[in-house]
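J.: For reference, the structure I am asking about is given below.
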Amino acid sequence: MGGAAGEDEPQDATGDQQTSFNSFRSRLWTRLKSLKGGVARALTPSNAAWSAAAFGLYVVWALIFLSFTVDLIAKFSLEQTVGLAALFVVLAIVSALSYALFWFVSTLKSNYRRALLLSLPPTILVALFTWGPLGALVIACGVPLVLGLIFGSAAALSRRDAPAPAHRRAAVFLMLGLCGAALAIFGFFAPAADPNPTLAHYHLEGRTLPMPDPGLPGPYKVTYFTYGGGRDRYRTEYASHVRFITRPVDGSKFDENWRGLGGWLRAHYWGFDSTAFPVQGRVWMPDTSRQGSPQGPFPLVLIVHGNHAMEDFSDGGYAYLGQHLASQGFIVASVDENFLNSSLADFANPFVRRDGKENAARGWMLLEHLAQWRAWNADKNNPLFHKVDMDRIGLIGHSRGGEAVAVANTFNDLHYFPDDATVPFDFHFKIGAVAAIAPIDGQYKPRSRPIPMRDTNYFVMQGSMDGDLTSFMGSSQYSRAKFPDKPQTFKASLYIKDANHGQFNTAWGRYDAQLPFKALLDTRPIMDPKAQRQIATVYLTAFLQDTLGGKDGYRPLFEDARNGAGWLPNVFLINNYADSDTRWLADFKNLDPAGGSAPGVRISGRNLSIWRDSFIKLKTTPMDAYGVVLAWDDRAHKALASYRIDLDAPLAGVTDRTSLVFGLSNAGMSSLPRDFYDSGRRPGGKHVEGQPIDWSIVLTDASGAEARLPLSHDQLLYPQIKGKVRRLAAIDTNRPSEIVIRRYRLRLSDFVQANPRLDPARLRSIRFEFDRTPRGAIVLTDVGLTDSA
């Protein structure tokens, strides 16, 4: 017994301590509540204060209202009165809807209100970036409603003490919630209709050029190595396996993301800061170690990736391209700029905008790589001595790298960094070719100007199913490319139906976004990755062989993909092209729609339903180009519509070897003007929108001889290519298509064949007669004459 009693004593002491602690906690909680109540009472305005504050807001409203009505009082106008009343009715409706929304939220239970306000912002953010405003509205309303019906009804049904009517109501609500969820799931996974039915049976046919297939491996054996700082934390190829050691460069004045807490996190991850950016890359080049093998020098090509998670390395994704180009006789370096890519660490710098401003650093880093190659090439003790032809340099960039190569090309000719002239530039390399794959454009603007492109061969490609850069921004850089002082220079663009953004880089693949956006992309229509990379391989190889390798026989491939039908997959491709040998008659920059871009050129139109010169816009940005929007419609004008370009005098040097060239796109709009609908009329007749368009091109000489060919002598004009890149397309308000210019070419010799009496040397007019399709709307650009083969 004594032992038992002794064992109980510590338990009693512990119980007393627990009681004492509970008492202290209770007193503390009471005092905190009292303090909270006192603070709340001190900070809560009285009813009189609330009323006075409300009166102040009413005064503001009255002053604004009176400011609108001062002129109305001074001079009565029925129109002004009605308009003002309509304005304030709209504002009153907005106020009522806002009040109803606030009232509705205030009626919700506090725990649900907190959960709703916590979950809605990220949900709306994801929906807005994925589907646009309509999608954000549908998701913001639909998700809480459907989840509320399902979970709320399930909870009500789980209560056994609830009356039978409540159970029945809960069952009905549960069924409604499940139906809503089923509808969303069906819309998410349901097979979508072909958005381009006109091209369902299209086949790429044509005459393949009598040139070696640029998609096949070349005659050179290939060797591979890397160069870098030798201290990379995450990749042995830039650490212990590196062949050439390089010195870092100071990029502290080029990228703001390396400042502040976010910059500290970046430095902590990489092991270096912005004063020590590494110069490193993967290299494929012709093997010169074998006896009798070619020793060079070889053209040098740098490839730079775009933006991706910096922790998910991108530079290895172009091995297929590096291996292939090296076999064709090029030295190829895939440059590592992953440390400039985005990271969640950037959110630690909430006031630093990461919208591509680091593209200045991306472009500058390319030039620093070229400087390193120049040093190796001049070093007698380096194995790369005289292996590089520094007079033949090409740059290839993907995504943000696509803008970076244009930045590098511009910086190359400057003496100082435009954003900070304390940073000198001394590069001046012989860059003869710049190519961009699905590039961004306009994120970096020195002095608020877009990046120019002057006297450099330029090529850009884009896919219609790009889920990252959904607009063909590279066509803006294409439009800005000029070559006033360099003959034999050209620019070209390629639009690839059903190609996406990431498959050009094997490290990125089929998804053009990361989670959660990745799960919302519709990857089903995207083309086979091997086919997509084959197109890139063929075109980039041909581009480099033409511009750096001297094989200009590939030039027609860039005018028309049908000239490489035997090398390419059976895919619909849209080519645009211009060169320094073209004489432009109309570029539509003239403020007067009747004026051309060359002296003695006059423009006129007849029976057109729409005729206006326009600054061309893409889905999200301008194209930086001008064109004329033309439409004709037999419901608006029964007479034949035409558009005509007259020459005051024949042009010198025009022969039957000359070609008429112009750019065209379907306008993707109604062929009837807005005032047709405003007048209350309703269009009748057969609906033809979405069908290919054809018309006649008529040439007339000074003697009045005419010759005509149909547009389809080159190719029909197809509707705009639609790319629905996101699931739940029904709520997607993002535009699925945009203007993509295709270059048309009609040889004057073919017109002469149609009418031998036509004398091209005395050409006086070019006329588009819209006689083969009853209605249509087009964008016409860059009408000219060229003698290039």
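J.: Can you pull a Stokes-Einstein diffusion coefficient for the stretch 136-197 at 25 °C (0.890 mPa s), Rh from Kirkwood over Cα pairs, as a whole number of µm²/s? Numbers along the way, then the final one.
T.: On the way: Rh = 13.2 Å.
D, rounded to a whole number, is 186 µm²/s.
J.: Can you compute the charge dipole magnitude of the stretch 641-789 about its Cα centre, using +1 on each Lys and Arg Cβ and -1 on each Asp and Glu Cβ, nothing else charged? Give it in debye, rounded to the nearest 20.
T.: Dipole magnitude for the stretch 641-789 comes out near 680 debye.
J.: Would you pull out the residues with amide H under 5 Å of TYR416's amide H, same chain only if 5 or more places away, H placed 1.01 Å from N?
T.: PHE425
J.: Quick one: what Rg and Dmax do you get for the stretch 50-161 from the alpha carbons, in Å?
T.: 21.5, 72
J.: So what J values fall out for the stretch 213-230 if you push phi through Karplus, 6.51 cos²θ - 1.76 cosθ + 1.60 with θ = phi - 60°, rounded to Hz, Gly and Pro as x?
T.: Using θ = phi - 60°, the values come out as 5, x, x, 8, x, x, x, 8, 6, 10, 10, 10, 7, 10, 9, x, x, x Hz.
J.: Can you compute the equivalent ellipsoid semi-axes for the chain, i.e. the square root of 5 times each eigenvalue of the Cα gyration tensor, sorted largest first and rounded to whole Å?
T.: 56, 43, 27
J.: Skipping prolines and chain starts, which residues have an amide H placed within reach, meaning under 5 Å, of the one on HIS308, given they are 5 or more residues away or on another chain?
T.: Correct list: SER342.
J.: Right, next: Kindly provide the Kirkwood hydrodynamic radius of the stretch 233-369 in Å, to one decimal, from all pairs of distinct alpha carbon atoms.
T.: On the way: mean 1/r = 0.0619 Å⁻¹.
By the Kirkwood definition, the hydrodynamic radius is 16.2 Å.
J.: So, one more: Based on the alpha-carbon gyration tensor of the stretch 298-404, what equivalent-ellipsoid semi-axes (square roots of 5 times the eigenvalues) come out, in whole Å, largest first?
T.: Working: eigenvalues 173, 45, 25 Å².
Gyration-tensor ellipsoid for the stretch 298-404: 29, 15, 11 Å.
J.: In addition: I need the Kirkwood Rh of the stretch 503-627: take the reciprocal of the average 1/r across all distinct C-alpha pairs and report it in angstrom. Let's see the in-between values first.
T.: Numbers: mean 1/r = 0.0533 Å⁻¹.
One over the average 1/r among Cα pairs gives 18.8 Å for the stretch 503-627.
J.: Mean separation of Cα pairs under 8 Å and 6+ residues apart, divided by the residue count of the stretch 161-269: what relative contact order is that in percent? The partial results should precede the final answer.
T.: Working: 47 pairs, mean separation 12.4, N = 109.
Relative contact order here is 11 percent.
J.: Which one, GLY595, GLN532, LEU573, projects farthest toward the positive side of the charge dipole computed for the stretch 530-600 from Cβ point charges (K/R +1, D/E -1)?
T.: Projecting each Cα onto the dipole axis, the largest value belongs to GLN532.
J.: Which helices of the chain meet both criteria: a Cα extent of 20 Å or more along the helical axis and a mean Kyte-Doolittle score no lower than -1.0, with helices taken as whole DSSP H segments?
T.: Working: long enough: 2-43 (62 Å, -0.80); 47-74 (39 Å, 1.61); 78-107 (43 Å, 1.74); 110-158 (38 Å, 1.41); 164-189 (37 Å, 1.43); 359-378 (29 Å, -0.35); 529-547 (27 Å, -0.15).
Those that clear 20 Å and a mean of -1.0 are 2-43, 47-74, 78-107, 110-158, 164-189, 359-378, 529-547.
J.: Separate question: Using only Cα positions of the stretch 374-448, each an equal point scatterer, no hydration layer, compute I(q)/I(0) via Debye at q = 0.13 Å⁻¹ and quote the log10 values to two decimals.
T.: -0.50
J.: Listed here are the pairs LYS357/LYS724; LYS530/LYS551; LYS380/LYS430; LYS491/LYS724; LYS253/LYS551; LYS357/LYS617; which of them are more than 32 Å apart at the Cα?
T.: On the way: LYS357/LYS724 29 Å; LYS530/LYS551 26 Å; LYS380/LYS430 22 Å; LYS491/LYS724 29 Å; LYS253/LYS551 41 Å; LYS357/LYS617 23 Å.
As for pairs spanning more than 32 Å Cα to Cα, those are LYS253/LYS551.
J.: List the relative contact order of the stretch 261-404 as a percent without decimals, with contacts defined as Cα pairs under 8 Å and 6+ residues apart. All intermediate terms of the calculation are to be shown ahead of the outcome.
T.: Details: 225 pairs, mean separation 48.5, N = 144.
About 34 percent, as a whole number.
J.: Rg and Dmax of the stretch 483-533, Cα atoms, in Å?
T.: Both quantities, over Cα of the stretch 483-533: 16.0, 49 Å.
J.: Per DSSP helix of 4 or more residues, -39500 (n - 2.57); summed, then divided by the residues of the chain. What does that give at 222 nm, rounded to the nearest 500?
T.: Values: 14 runs with 270 residues, N = 789.
Theoretical 222 nm ellipticity from helices: -11500 deg cm²/dmol.
J.: Two decimals, Cα atoms only, Kirkwood Rh: what is Rg/Rh over the stretch 110-227?
T.: Dividing the radius of gyration by the Kirkwood radius yields 1.36.
J.: Choose one of PRO299, LEU709, LEU134: the residue whose Cα lies farthest towards the positive end of the charge dipole of the chain (beta-carbon charges +1 Lys, Arg; -1 Asp, Glu; about the Cα centre).
T.: Comparing the listed Cα positions along the dipole, LEU134 ranks first.
J.: Order LEU618, LEU515, most accessible first, counting only protein heavy atoms with a 1.4 angstrom probe. Working shown, then result.
T.: Details: LEU618 5, LEU515 130 Å².
Result, largest first: LEU515, LEU618.
J.: If you don't mind, there's one more thing I want to ask. Give me, ordered by chain and number, the residues 5 or more places off ARG454 or on other chains with an amide H under 5 Å from its own placed amide H.
T.: LYS482
J.: Hey, another quick one. Return the sequence-ordered ³J(HN,Hα) values of the stretch 430-441 in whole Hz as given by the Karplus equation 6.51 cos²θ - 1.76 cosθ + 1.60 applied to θ = phi - 60°, using x for Gly and Pro.
T.: Coupling constants for the stretch 430-441: 8, 7, x, 8, 10, 10, 10, 10, 6, x, 7, 8 Hz.
J.: How large is log10 of I(q)/I(0) for the stretch 159-264 at q = 0.12, 0.16, 0.20, 0.24 Å⁻¹ when the intensity is taken from the Debye formula with one equal scatterer per alpha-carbon?
T.: Normalising to I(0) and taking log10 leaves -0.88, -0.95, -1.15, -1.31.
J.: Excluding same-chain residues fewer than 8 positions from LYS486, which aspartates and glutamates have a Cα within less than 12 Å of its Cα?
T.: ASP455, ASP579, ASP581
J.: In debye, nearest 20, what is the charge dipole magnitude of the stretch 308-438 about its Cα centre with +1 on Lys and Arg Cβ and -1 on Asp and Glu Cβ, if you could check?
T.: Details: 10 positive and 17 negative charges, 68 e Å.
I would put it at about 320 debye.
J.: Average the reciprocal distances over every distinct pair of alpha-carbons in the stretch 658-789, invert the result, and give the Kirkwood radius in Å. Please list the in-between numbers first.
T.: Values: mean 1/r = 0.0585 Å⁻¹.
Across the stretch 658-789, the inverse of the average 1/r is 17.1 Å.
J.: Let me ask something additional. To check my understanding: the extent here is largest minus smallest coordinate of the Cα atoms along each principal axis. What are those three numbers for the stretch 274-315, in Å, largest first?
T.: Projected onto its principal axes, the Cα set of the stretch 274-315 covers 44, 22, 16 Å.
J.: Check cross-link reach from LYS109 to the lysines: straight Cα distance under 21 Å, and skip same-chain residues fewer than eight apart.
T.: none
J.: Let me ask something additional. Can you find, among GLY432, ASN111, HIS308, the residue farthest towards the positive end of the dipole of the chain? Put +1 on the C-beta of Lys and Arg, -1 on that of Asp and Glu.
T.: ASN111
J.: Just tell me which lysines come within less than 29 Å, Cα to Cα, of LYS638; anything on the same chain fewer than 8 places away is out.
T.: LYS686
J.: In sequence order, what are the phi-derived ³J(HN,Hα) couplings for the stretch 468-481 according to the Karplus relation 6.51 cos²θ - 1.76 cosθ + 1.60 with θ = phi - 60°, rounded to whole Hz, with x for glycine and proline?
T.: So the J values, rounded to whole Hz, are 9, 9, 6, 10, 7, 5, x, 5, 5, 5, 4, 5, 7, 5.
J.: Sticking with this structure for a sec: If contacts are Cα pairs under 8 angstrom and at least 6 residues apart, what is the relative contact order of the chain in percent?
T.: Relative contact order comes out at 11 percent.
J.: Would you mind working out the magnitude of the charge dipole of the chain relative to its Cα centre, with +1 at each Lys and Arg C-beta and -1 at each Asp and Glu C-beta, to the nearest 20 Debye?
T.: On the way: 84 positive and 74 negative charges, 310 e Å.
With only Lys, Arg, Asp and Glu charged at Cβ, the dipole is about 1480 debye.
The values are calculated or read from the model by the stated rules, or taken from the named source; none is laboratory data. Everything numeric here is computed off the predicted structure, so don't read it as measured data. Counting neighbours? That spans all protein chains shown, and the Cβs are built from the backbone with ideal geometry, glycine included. The protein model used for the area step is the full one, side chains on, heavy atoms only, and it has no ligands, DNA or RNA in it. Shrake-Rupley method; radii C 1.70, N 1.55, O 1.52, S 1.80 Å.
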